[in-house]
Ligand code: HEC
Ligand code: HEC
């Protein structure tokens, strides 16, 4: 793998990671440096008629030795790999050759486990196609459950008492009928400060910091203009990176100059740019259902399952008490399964009558692709020059 080219993209992808895009520059990160954490592996039978991000190269055109995963959008390779890694509870090295510190040969077929994994991927795709109507009913996790090789026998010695002891205690407050979707959404808007207060804000300038695996904690500035423009500016030791959604398309400007974004990035930026999205959650989705109750960071939450117009399922967790959004989980549809990506919203503070989450943490399975943004200062309704959101001209 061309390391020089990869470290070039590494920096430019920081902000994409912030928007949930996978860093194609993964090998610059130490794969073993992952944060321990609980993986929320709830892969139900979801609507999987998902669309590939437009304008993206398939993995076989970007990587050297792809035999099975042909057609997978290249932005999904590391999410897919991490999913396999987490399902078996192994490290990348279990299947891939490491020739020295930081010196990976991912294309090599020297490890027999990589060959086994190829057969397993084919098997999973076959069984889902032939038996489960093309859904992601079976994934690596279905059998492996964090072990390799998987258990072949039920644990006959496990007593009922043991199982009961493991079940989470049910909070008495959580018993009772579930609210309607409308009630949860109304309470959310109220908790944020109400529609009127939210709509009074037209622009926002935010000073923050971002911590992400490719970089030391770096200053981040966010400029927002209603209804649909956003600009992120991050100052790294290697220079500045700007990334924006200008109302119609996304662009990035870094050491390699300004350019339009393709793949999944523009849609993710557009989501961040949608200034009043909290007021119109019901409009964003084709369907929403209150699916149950859950716990998020020690808090009781209502879980709403929502289906986007692109037929992607999202999970939204609202605090039972405060009504605020605690977590949003989206899913990346890959060939071998749906990979969840969670964004947690925390430390809500009121600025001019509107509550804003000052802490945002995003990660995939077990801390993979984790990024944390902490707001330090939020200034509403300060003038923001429209030209800021326009892609700068390339330097000659
Ligand atoms: C369970 C085995 C397994 C684990 C664990 C695993 N991989 Fe892979 N990896 C594979 C297989 C199999 C392929 C080839 C897929 C194909 O042929 O379609 C592959 C291919 C790759 C490639 C493309 C290499 C090329 O040039 O063709 C990269 C990059 C990669 N893996 C990175 C990773 C990283 C990073 C991790 C850890 C997060 C990881 N893998 C964990 C099995 C694994
Ligand atoms: C239907 C159940 C099932 C599914 C689904 C499944 N596996 Fe397996 N896997 C097994 C079994 C059983 C073995 C042990 C086979 C053996 O011992 O010969 C195994 C073995 C392996 C091995 C070799 C382990 C070793 O010790 O040699 C790897 C690697 C592996 N699986 C990866 C995966 C990956 C990656 C996926 C998802 C793409 C997956 N498996 C999905 C059942 C499954």
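What follows draws every value from the coordinates through simple rules; no lab data is involved. Worth saying up front: this structure is predicted, and the values here are computed from it rather than measured.
Run the numbers for residue 145 and residue 209: contour at 0.36 nm per residue of separation, minus the present Cα-Cα distance, in nm.
On the way: separation 64, 0.36 × 64 = 23.04 nm, distance 3.60 nm.
That pair, residue 145 and residue 209, stretches by 19.4 nm at full extension.
Relative to one another, the C-alpha centroids of the stretch 253-271 and the stretch 318-364 are positioned 22 Å apart. Across bins of 5 angstrom width beginning at 0, how are the C-alpha pair distances of the stretch 263-396 distributed, in whole percent? In whole percents, the pair-distance histogram is 2, 8, 14, 22, 20, 16, 10, 5, 3, 1, 0, 0. With kT/(6 pi eta Rh) evaluated at 4 °C and eta = 1.567 mPa s, and Rh the Kirkwood radius from Cα pairs, the stretch 180-220 diffuses with a coefficient of 98 µm²/s according to Stokes-Einstein. Distance distribution P(r), the stretch 226-271, all Cα-Cα pairs, bin width 10 angstrom from 0: 29, 52, 19, 0 percent. Between residue 98 and residue 127, the contour length at 0.36 nm per residue exceeds the Cα-Cα span by 7.2 nm.
For the stretch 211-296, the convex hull drawn through the C-alpha positions has a volume of 153 cubic angstrom per residue.
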